[in-house]
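> Attaching a single structure in structure tokens format; questions to follow.
The numbers here are math on the coordinates, done by the rules we state, and not lab data. What you see is a predicted model, and the numbers here were worked out from it, not measured in a lab. Counting neighbours? That spans all protein chains shown, and the Cβs are built from the backbone with ideal geometry, glycine included.
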């Protein structure tokens, strides 16, 4: 199965072509926020490198969120268009699950987090069995205090003493986290293990649930400011068109 995977969820733009268990081609642009300008050229570059045509792709995969509101819309819109026009399969996965997959071969508790500012995080925790992730702290928008409590509870329930923390914003608080979790041994991911990689998405996508392109939406996990302003102005209830879990 040939899969084109895209992550535009963070400042790290990542695209990969995979075939079965093999990564055929992959490319990333780090700390670039104008993904709308760079995504299509990067896809074309990889297709040319692999000797594939876009029509050769069997399945398109995308990081659904959480992440940058604009970035998520770019990635989701792109794969929806490709899948619809070419009548191909589409799958979407949690950005946090993809991030945690950097440690798929570890038997530790893996916490994946993205800094949401003011001591808030988009975060989830995972354990891996046979390389497949199980979400043991649900992906959500957490204040740091609530996240620490959730990590502690998950570690107890899963019988884990060693915890890996990956993503952004946690390593800067390493002393505070270790003090708050004195019974756990914390390891903070380094360098590329803190990034979301489309090559990992491509492997997870092989067994992911196929989605209807017309029904796929980004999973922001938090209301946008525009939505909250609209709700206050109109008094109308929020629609049922997304997987938001918390209003901030």
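> Would you mind ranking 35, 143 by Cβ crowding within 10 Å, fewest neighbours first?
Working: 35 26, 143 15.
Sorted ascending by nearby Cβ count, the order is 143, 35.
> Further question on the same structure: For region 1-119, count the residues as N, evaluate 2.2 N^0.38 Å, and divide the Cα radius of gyration by that value, please. Working shown, then result.
Working: Rg = 14.4 Å, N = 119, 2.2 N^0.38 = 13.5 Å.
In units of the 2.2 N^0.38 Å rule of thumb, it is 1.07.
> Okay, moving on. Would you kindly state how much longer the chain becomes between residue 209 and residue 55 on full extension, computed as 0.36 nm times their sequence separation minus their alpha carbon distance, in nm to one decimal? Don't skip to the end; give the middle numbers.
Numbers: separation 154, 0.36 × 154 = 55.44 nm, distance 2.10 nm.
Taking residue 209 through residue 55 to full extension adds about 53.3 nm, to one decimal.
> How large is the Kirkwood hydrodynamic radius of the chain, in angstrom, based on all distinct alpha carbon pairs?
Numbers: mean 1/r = 0.0538 Å⁻¹.
It is 18.6 Å.
> Pop a pseudo-label 7 angstrom from the Cα along the beta-carbon direction at both residue 105 and residue 234 and give the gap in nm to one decimal.
5.1
> With an 8 Å cut-off on Cα pairs and a minimum separation of 6 or more residues, tell me the relative contact order of the chain in percent.
On the way: 496 pairs, mean separation 52.3, N = 248.
About 21 percent, as a whole number.
> Could you list 174, 14 in order of exposure, starting from the residue whose Cβ has the fewest other Cβ atoms within 10 Å? Don't skip to the end; give the middle numbers.
Values: 174 12, 14 26.
Ordered by Cβ neighbours within 10 Å, fewest first: 174, 14.
> Turning to a different aspect of this structure: Place the peptides 147-154, 81-88 in order of packing, highest mean first, counting for every residue the other Cβ atoms within 10 Å and averaging per peptide. Each step should come with its number before you reach the end.
Numbers: 147-154: 18.9, 81-88: 15.5.
Result, highest mean first: 147-154, 81-88.
> Let me ask something else about it. Using a 10 Å cut-off on Cβ atoms, rank the peptides 39-45, 94-100, 181-187, 132-138 from the highest mean neighbour count down. Each step should come with its number before you reach the end.
Working: 39-45: 14.7, 94-100: 29.6, 181-187: 12.9, 132-138: 17.0.
Highest mean packing first, the order is 94-100, 132-138, 39-45, 181-187.
> Given the chain, what percent of its DSSP beta bridges are antiparallel, to the nearest 5? Each step should come with its number before you reach the end.
On the way: 28 of 47 bridges.
Antiparallel: roughly 60 percent of the beta bridges in the chain.
> While we're here: Could the peptides 196-206, 70-80, 156-166 be put in order, highest first, of the mean number of other beta-carbon atoms found within 10 Å of their residues? Walk me through the intermediate numbers first.
Numbers: 196-206: 24.8, 70-80: 21.5, 156-166: 16.6.
Packing order, densest peptide first, comes out as 196-206, 70-80, 156-166.
> Next question. Per residue of the chain, what 222 nm ellipticity follows from adding -39500 (n - 2.57) for every DSSP H run with n ≥ 4, rounded to the nearest 500? Each step should come with its number before you reach the end.
On the way: 7 runs with 79 residues, N = 248.
Mean residue ellipticity at 222 nm (helix-derived): -9500 deg cm²/dmol.
> Please compute the alpha carbon radius of gyration of region 96-194, then divide it by the globular-protein estimate 2.2 N^0.38 Å. Two decimals is fine.
Numbers: Rg = 11.9 Å, N = 99, 2.2 N^0.38 = 12.6 Å.
Output field value: 0.94.
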